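Novice: Handing you this structure, nothing more for now.
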Amino acid sequence: MADNGVAARRAAAGLLGQVLGEQQMLSEALGAPFVQKLPFDERARAQRLATETLRSLERVDRVLKPFLRKSPPLAVNNVLRIATYELCTGGAAHGVVNDAVSSVGANKRTAQLKGLTNAVLRKVVEKGPTEWAKLRVPRLPKWLRGPLVNAYGSESIGAIERIHFAGAPLDLTAKGESAALAKAVGGTLLDTGSVRISDAVQVSALAGYEEGDWWVQDAAAALPVEILAPKASEKIIDLCCAPGGKTMQIAASGASVTAVDTSERRMQRVRENLERSKLNAELVVGDALDTSGQYDAVLLDAPCSATGTIRRHPDLPLVKDGSEFGELIELQARMLSHAITLLKPGGRLVFCTCSLLPDEGECQVEDLLDMHPELEIDRDALKVAGIDADWITEEGGLRLRPDYWAEIGGMDGFYIALLRKPV
């Protein structure tokens, strides 16, 4: 098959420009017209190239550095980065180099650098793959690595970085029987009930997609609802619900669920996911802090740093700098205090964040218990299939890390705790 991916390569370089130049998350940049106008397969290729180049950026830049006397304009540098990633990971040299030179030449502001692009990439063809193999696994930036080393130690963070570099497999949550889904899609049934697919696939082509038999959800992200253990007779509210995986889990249990999110755009995705899976929920676009009523259970997946999702979103540590963490931690505390007011006597609250930072997990629950000594933390609720007792923390929550299950692809970083209100 001919390598004719120039449009995807140009789009991938453009996506790097949005992330590294405009500090825009890749998920947002994918909505840009220059990406959306591409055919589906080229759009998917552009996304993959951009994602993997960002995941490998430290190595890419180290390979390029000896061949550049000074940094070229960002647009040219990003073309070089995409090409270097491909050349160092088995890409066909002729097609990769020609497309890179063509991309630089097509832009009037960079056309004069076609010769430089060709010369640099010819050197990468010759020496890049050998140098690539010698380089260390890319590290987290210092602003994030430091606090995480303090929390977990350098050895554990090194293991997490290896998982980040390897990327993430595809996990599915079944609406019905998980074992049947694993058989239908050729996946592996995990101990927690999620189905894992390790090979690259087109999601919409998998068996049961059109029928709504499952949805994409990391195995760690499926555990808060497993711990909540919703019942068909219950009235439950899911705060900060988008993209809706947990809402669908609750709805599949037969419980009556109200799902709340501030964003109409994100809520539209929840709506579409519910329609595909043929599940029902009451959807409310609004601030979680403005909600009222009394519920048997509350699920609060609070806004957070999302540092537990870097293996799937390698752009995150390149876009963020940690400056917003203080505001997020304060917001989480306010949401926790409000969530308690929504519980009926005897009701239960699951608090979770997709964060690796203890300030967004363990510390929040410790502070909450200090302020509300009447609440009880339920350690027994964490005894669900697949949970290792060593993952349960001192205050009684569950700490999940990307390096857990490393031999089968890891998991997202999460913190989960279940608290009960007295009768």
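The values are calculated or read from the model by the stated rules, or taken from the named source; none is laboratory data. The structure displayed is predicted, hence computed values, not measured ones. When we count neighbours, we look across all protein chains shown, and the Cβ atoms used for this are built from the backbone with ideal geometry, even at glycine.
Novice: Are there any pairs with C-beta distances below 7 angstrom linking a residue in segment 374-397 that is at positive phi to a residue that is loosely packed, with under 14 Cβ neighbours inside 10 Å, with the two at least 6 apart or on different chains, and if so which?
Specialist: Gly386/Asp191
Novice: Of (1) surrounded by fewer than 23 Cβ atoms within 10 Å (Cβ to Cβ); (2) in a helix (DSSP H, G or I); (3) more than 17 Å from the chain's Cα centre (by Cα); (4) touching a residue at least 40 places away in the same chain (Cβ under 8 Å), Gln268 satisfies all except one. Which?
Specialist: Only one criterion in (1) surrounded by fewer than 23 Cβ atoms within 10 Å (Cβ to Cβ); (2) in a helix (DSSP H, G or I); (3) more than 17 Å from the chain's Cα centre (by Cα); (4) touching a residue at least 40 places away in the same chain (Cβ under 8 Å) is unmet by Gln268, namely (4).
Novice: If Pro169 passes every condition in (1) surrounded by fewer than 18 Cβ atoms within 10 Å (Cβ to Cβ); (2) under 24 Å from Lys246 (Cα atoms) but one, which one does it miss?
Specialist: Pro169 satisfies all of (1) surrounded by fewer than 18 Cβ atoms within 10 Å (Cβ to Cβ); (2) under 24 Å from Lys246 (Cα atoms) except (1).
Novice: Right, something else. Can you tell which of Gly347, Gly326, Gly322 is under 30 Å from Ser56 (Cβ atoms) and either over 22 Å from the mean Cα position of the chain (by Cα) or of a type in the set (Gly, Ala, Ser) (or both)?
Specialist: Gly322
Novice: What is the number of the single condition among (1) surrounded by fewer than 20 Cβ atoms within 10 Å (Cβ to Cβ); (2) in contact with an Asp or Glu (Cβ under 8 Å, 6 or more places away or on another chain); (3) modelled with pLDDT of 95 or more that Ala119 does not meet?
Specialist: Just one mismatch for Ala119, condition (2).
Novice: Now for a different question. Which numbered condition trips up Asn280, out of (1) in contact with a helix residue (DSSP H, G or I) (Cβ under 9 Å, 6 or more places away or on another chain); (2) surrounded by fewer than 18 Cβ atoms within 10 Å (Cβ to Cβ); (3) more than 22 Å from Val350 (Cα to Cα)?
Specialist: (3)
Novice: Continuing with the same structure: Going by what's in this entry, would Ala281 be described as touching an Asp or Glu at 6+ places or on another chain (Cβ under 9 Å) and at pLDDT below 95?
Specialist: In short, no.
Novice: Next up: What residue, among those in segment 286-332 that are among the hydroxyl-bearing types (Ser, Thr, Tyr), touching a residue at least 40 places away in the same chain (Cβ under 8 Å) and part of a loop (DSSP other than H, G, I, E, B), is nearest to Gly21 (Cα to Cα)?
Specialist: Residue satisfying both the conditions and the ranking: Ser305.
Novice: Can you name every residue in segment 218-260 that is farther than 15 Å from Cys354 by Cα, among the β-branched types (Val, Ile, Thr) and not in a strand (DSSP E or B)?
Specialist: Ile227, Thr247, Ile250
Novice: Quick one: count up the residues across segment 106-121 that are touching a residue at least 24 places away in the same chain (Cβ under 8 Å) and touching a helix residue (DSSP H, G or I) at 6+ places or on another chain (Cβ under 7 Å).
Specialist: 6
Novice: For residues in segment 375-395 being in a strand (DSSP E or B) and not charged (D, E, K, R), which is farthest from Thr341 (Cα to Cα)?
Specialist: If we take residues in segment 375-395 being in a strand (DSSP E or B) and not charged (D, E, K, R), then Ile392 is farthest from Thr341 (Cα to Cα).
Novice: Just one of (1) at pLDDT below 95; (2) closer than 22 Å to Gly153 by Cα trips up Val423, so point out which.
Specialist: Going through (1) at pLDDT below 95; (2) closer than 22 Å to Gly153 by Cα one by one, Val423 breaks only (2).
Novice: What is the number of the single condition among (1) modelled with pLDDT under 95; (2) in contact with a helix residue (DSSP H, G or I) (Cβ under 6 Å, 6 or more places away or on another chain); (3) among the charged types (D, E, K, R) that Arg265 does not meet?
Specialist: (2) is the only condition that Arg265 fails.
Novice: If you don't mind, another one. I need the full set of residues from segment 191-217 which are surrounded by fewer than 20 Cβ atoms within 10 Å (Cβ to Cβ), among the aliphatic types (A, V, I, L, M) and in a loop (DSSP other than H, G, I, E, B), in order please.
Specialist: Of everything in segment 191-217, those that are surrounded by fewer than 20 Cβ atoms within 10 Å (Cβ to Cβ), among the aliphatic types (A, V, I, L, M) and in a loop (DSSP other than H, G, I, E, B) turn out to be Ala200, Val201, Ala207.
Novice: Look at Ser102 and say whether it is hydroxyl-bearing (Ser, Thr, Tyr), in a helix (DSSP H, G or I) and over 25 Å from the mean Cα position of the chain (by Cα).
Specialist: Against the criterion (hydroxyl-bearing (Ser, Thr, Tyr), in a helix (DSSP H, G or I) and over 25 Å from the mean Cα position of the chain (by Cα)), Ser102 qualifies.
Novice: To continue, here is another question. Somewhere in segment 381-401, is a residue closer than 30 Å to Leu30 by Cβ, surrounded by fewer than 20 Cβ atoms within 10 Å (Cβ to Cβ) and not hydrophobic (A, V, I, L, M, F, W, C)?
Specialist: Within segment 381-401 (the criterion being closer than 30 Å to Leu30 by Cβ, surrounded by fewer than 20 Cβ atoms within 10 Å (Cβ to Cβ) and not hydrophobic (A, V, I, L, M, F, W, C)), the answer is no, since none of the residues qualifies.
Novice: Being among the hydroxyl-bearing types (Ser, Thr, Tyr) and within 22 Å of the chain's Cα centre (by Cα) is the filter here; which residues of segment 386-407 pass it?
Specialist: Tyr404 - this is the single residue of segment 386-407 that is among the hydroxyl-bearing types (Ser, Thr, Tyr) and within 22 Å of the chain's Cα centre (by Cα).
Novice: Given the structure, is Asp238 more than 18 Å from the chain's Cα centre (by Cα), at pLDDT 95 or above, not β-branched (Val, Ile, Thr) and not assigned by TED's automatic domain parsing to the domain that holds Arg399?
Specialist: It is false that Asp238 is more than 18 Å from the chain's Cα centre (by Cα), at pLDDT 95 or above, not β-branched (Val, Ile, Thr) and not assigned by TED's automatic domain parsing to the domain that holds Arg399.
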